[in-house]
Amino acid sequence: MCGCCGRWQVSVELIRGRYVYRLVHRYPRSFGGGKDVLGEVGSVAELEELLRRRTPVCLADLREAA
């Protein structure tokens, strides 16, 4: 989850025997809440590229959610 506002979240999931990084944009409750999946990639390099294209954050901005 991004450390600045918590709106950008990356999860790692095992799907059909391979790990997939999923980028999600979370909406605040004041806007109805919910999530929007922005993309799924198979490597950290692809995740970095996806973050660069679709978000204002980078890998360094992400923090582990408690």
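Where a number appears in this text, it was derived from the coordinates with a stated rule and is not lab data. Note that the structure is a prediction, hence the values are computed from the model and not measured. Glycine also receives a Cβ, built like all others from the backbone with ideal geometry; neighbour counts cover every protein chain displayed.
Values for this structure:
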quantity	calculated
Mean shadow area of the chain over all directions, Cα convex hull, nm²	4.8 nm²
Gaussian network model of the chain, springs between alpha carbon atoms under 10 Å - residue of Val41, Val20, Val12 with greatest fluctuation	Val12
Length-normalised contact order of the chain in % [C-alpha pairs under 8 Å, at least 6 apart]	30 percent
Label-point separation in nm, Ser43 to Leu62, each point 7 Å along Cα→Cβ	1.5 nm
Highest to lowest packing among 47-59, 25-37, scored as the average C-beta count within 10 Å	47-59, 25-37
Positive-pole candidate from Val41, Ser11, Pro28, dipole of segment 8-61, charges at beta carbon	Pro28
Unit charges on C-beta of K, R, D, E only; dipole of segment 8-61, Debye	200 debye
